[in-house]
Amino acid sequence: MKRRNFIKKAGITGAVLGTTPSIFAQDFSPNSNTKKSTLPIAIATWNFHEATKKAGSLLDKGTSALDAVEQGVMVEEANLKNTTVGNGGAPDRDGNVTLDACIMSPNGNAGSVVYLKNIEHPVSVARKVMEDTPHVMLAGEGALQFAIQNGFKKQNLLTEDSEKAWKEWLKEKEYKPIINIENHDTIGMLCIDKDGDIAGACTTSGLAYKMNGRVGDSPIIGSGLYVDNEVGGAAATGMGEAIMKSVGSFLVVELMRNGRSPQEACKEAIERIVKKNDNHNDFQACFIAINKDGEVGGYSIHDGFSYAKYQDSENENVKCKSYL
Ligand code: SD4
């Protein structure tokens, strides 16, 4: 029996017996809805509502979750005002804009690029890696060469504003990750289409002024993003080092597989990170998740995290609960 059907049946049995087994416990927190949702749905980290609007309106027209999630995050990759994703992203400490991105499809396939320079849409290169190569991940020069061979245009991604901010930073060279960067950060997006299929994408310029060569969690399958079409999907934003060490998005999906709601799974994964990192006061980490029934959730270490959600032609910003 498929797990979803099993849950439905078990829920009925629980109601008849007047008992509520803990794994089916209802969570009435504002970030969780427990009844089966109408599909399709698009959610994204932070208040990236233009991205969810794009993905959601495509999903409404019958576009697949995979196409919608790619098109959705591309909105932020092209947004020059967003200094944490794609074109206009903040450079590393040596002035290089290096991008990380990945994508996962409902059939369990995945593609990723890391330390990619001069290409505006790393998510699309990641999709090409997934669909046209026998590999999952391409890095640096090889990823750039592959992108160019596949018709992507090389361009300068360092905007005047980002260059100015970097030069300002060079004066002190103090490396201190800012907890919530003006509420704009890495975009992780999860889409569930009319057929109930789930896809996800995650794309970023990484931590501002990182060491040259540093790669974060965002393009690592299981860390910045994970999708299992039988269960659900999860995406992360925040301090990549902490998220990677807990393989955070995979953890969230596995917790959902074991019966947690998306909200409970995000909370438990954050608690794991808190427990393993004594310095958790100093950094932010956040997860969003969606399950097969269209329930969604989000949770973070620090206050200030939210996710954008498109459903039933409505696009809203949902404020998340936090550990601190
Ligand atoms: C990284 N997780 O490169 C990304 C950046 C981010 O909030 O999401 N910052 O570590």
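No value in this document is a laboratory result; all are computed from the given coordinates. Note that the coordinates shown come from a computational prediction; the quantities given were computed from them, not determined experimentally. Every residue, glycine among them, receives a Cβ derived from its backbone with ideal geometry; neighbour counts consider all protein chains shown.
Of all the stretches in the chain, which is the longest one without any exposed loop site, taking trypsin sites (Lys or Arg not before Pro) in a DSSP loop (any state but H, G, I, E, B) with at most 11 other Cβ atoms within 10 Å? Intermediate results must be reported in sequence, preceding the final value.
Working: sites that count: LYS2, LYS35, LYS61, LYS81, LYS153, LYS173.
Free of exposed loop sites, the longest segment is 174-324.
Across PRO106, PRO122, PRO134, mean-square fluctuation computed from a Gaussian network of the chain (C-alpha pairs under 10 Å connected) peaks at PRO134. What's the center-to-center distance, using Cα atoms, between the range 36-89 and the range 275-291 in Å? Taking the Cα centre of each part, the range 36-89 and the range 275-291 sit 23 Å apart. Sort out for me the Cα centre separation of the range 300-315 from the range 113-142, rounded to whole Å. Each part's Cα centre sits 28 Å from the other's.
Pick out, in residue order, every one of the chymotrypsin sites (Phe, Trp or Tyr not before Pro) in the range 126-176 that is DSSP loop and has at most 14 other C-beta atoms within 10 Å; say none if there are none.
Details: sites: PHE146, PHE152, TRP166, TRP169, TYR175; in loops: PHE152, TYR175.
For chymotrypsin sites (Phe, Trp or Tyr not before Pro) across the range 126-176 that sit outside H, G, I, E and B with at most 14 neighbouring Cβ atoms in 10 Å, the list reads TYR175.
Normalised by the number of residues in the range 39-322, the mean separation of alpha-carbon contacts (under 8 Å, six or more apart) gives a relative contact order of 23 percent. Each of THR204, THR84 was scored by other Cβ atoms within 10 Å of its Cβ. Listed from fewest to most, they are THR84, THR204. In a fully extended conformation the segment linking GLN149 and LYS276 would gain 41.4 nm over its present Cα-Cα distance, using 0.36 nm per residue.
Rounded, prolate or oblate: which fits the range 35-103, taking a ≥ b ≥ c as square roots of the Cα gyration tensor eigenvalues, rounded meaning a/c under 1.5, else prolate when a/b beats b/c? Present the calculation step by step, with values, prior to reporting the outcome.
On the way: a/c = 2.74, a/b = 2.53, b/c = 1.08.
In terms of gyration-tensor shape, prolate.
How do VAL129, VAL75 rank when sorted from fewest to most other Cβ atoms within 10 Å of their own Cβ?
On the way: VAL129 25, VAL75 22.
By the 10 Å Cβ count, ascending: VAL75, VAL129.
At 0.36 nm per residue, minus the direct Cα-Cα distance, what do THR133 and GLU172 gain on full extension? Give it in nm, one decimal, please.
Numbers: separation 39, 0.36 × 39 = 14.04 nm, distance 4.33 nm.
That works out to 9.7 nm of additional length.
Counting DSSP beta bridges in the range 39-322, what percent are antiparallel, to the nearest 5? Bridges in the range 39-322 that DSSP calls antiparallel: roughly 85 percent.
I need ILE148, ILE192, ILE273 ordered by Cβ neighbour count within 10 Å, fewest first.
Numbers: ILE148 14, ILE192 32, ILE273 23.
Fewest-to-most ranking of ILE148, ILE192, ILE273: ILE148, ILE273, ILE192.
Kirkwood analysis of the chain, using all unique Cα-Cα pairs, places the hydrodynamic radius at 19.4 Å.
Assigning unit charges at the beta carbon (Lys, Arg +1; Asp, Glu -1) and nothing else, what dipole magnitude in debye, to the nearest 20, does the range 54-173 show about its Cα centre?
Computed about the Cα centre, the dipole is about 120 debye.
Each residue of the range 40-47 is assigned a 3J(HN,Hα), and the resulting list reads x, 9, 10, 10, 9, 4, 6, 9 Hz, derived from the Karplus form 6.51 cos²θ - 1.76 cosθ + 1.60 (θ = phi - 60°), x at Gly and Pro.
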